[in-house]
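A quick write-up on the structure given underneath.
The values are calculated or read from the model by the stated rules, or taken from the named source; none is laboratory data. Bear in mind the structure is a predicted one, so any value in this text is a computation, not a measurement. Cβ placement follows ideal geometry from the backbone for every residue including glycine, while neighbour counts extend to all protein chains displayed.
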Amino acid sequence: MVALKLNARQKSFCEFYVASGNATESAIKAGYKEKYAGVNADKLLKNTNVSKYIKKIMEEHANNRIAKAEEILEFLTATLRGEVTEEVVVGGFGKSATEKIIKNVDLRDRLKAAELLGKRYRLFTDKVEVEGVVPVMIVGESELEE
C-alpha cells in the first residue's frame, strides 16, 4: 500500500476523530489552535490523505472487533474442555448477602459447544438412502419433432 503523506498533527487528528467523531475537538486535541480548528476542521476531513487514513484506521478497528472463524473454534473447544469460567451471583433468598463466584461452565454449555463443533465438522449428518423406481415424464412430448 502506498504510504500516505501526513504530518504528526494530521495523524493525531485522524486518531482523535475516529475516537470521538467530533472534527473541531479532534483538531484541538491534535495540537491545532482553537481558532484554526473551528474554521478549518472540515477542510482537514476533506483532505484526501486524511480521509484515506481515517478510513484505514476505521477498517482496522472493525477487523479487530469481529471474531474470526479460528477464534470462535478456539472458544468452543475451550468451552468443551471445561477451560472457560463464568461469574455467577449466589446468595439471596433468605441469606443476608449475595456474592459473586467464579465457576467452570455448566455441562449444558459444554454439550452445546460440542454440538456446534460437531456441526462444523459435519459429524452429525444424516445419511438417507432412497430406493425405488421413479417415473420420468417429459412434458410437451407430442410437440417434439421426430
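Quick notes on this one:
- Selection of first residues in the stretch 54-78 that are under 28 Å from N22 (Cα atoms) and of second residues that are at pLDDT 90 or above and acidic (D, E), restricted to Cβ pairs under 8 Å at least 6 apart or on distinct chains, gives the following pairs, ordered by first then second residue: I57/E15.
- Taking every residue in the stretch 3-18 that is in a helix (DSSP H, G or I) and pairing it with any residue that is among the basic types (K, R), at least 6 positions away or on another chain, the pairs with Cβ-Cβ distances below 6 Å are F16/K29.
- Among the candidates E87, E60, E83, E74, the residue that is part of a helix (DSSP H, G or I) and either touching an Asp or Glu at 6+ places or on another chain (Cβ under 6 Å) or within 29 Å of V105 (Cα to Cα) (or both) is uniquely E74.
- Of note, V130 satisfies the criterion of being modelled with pLDDT under 90, outside the structural domain of L76 (by TED's automatic domain parsing), under 48 Å from the mean Cα position of the chain (by Cα) and not acidic (D, E).
- Within the stretch 7-41, the residues that satisfy the criterion of being more than 14 Å from Y53 (Cα to Cα) and among the hydrophobic types (A, V, I, L, M, F, W, C) are A23, A27, I28, A30, A37, V39, A41.
- The stretch 32-57, residues that are charged (D, E, K, R) and either under 19 Å from L4 (Cβ atoms) or assigned to a helix (DSSP H, G or I) (or both): E34, K35, D42, K43, K46, K52, K55, K56
- The residue list E60, E86 contains one member that is acidic (D, E) and closer than 30 Å to Q10 by Cβ, which is E60.
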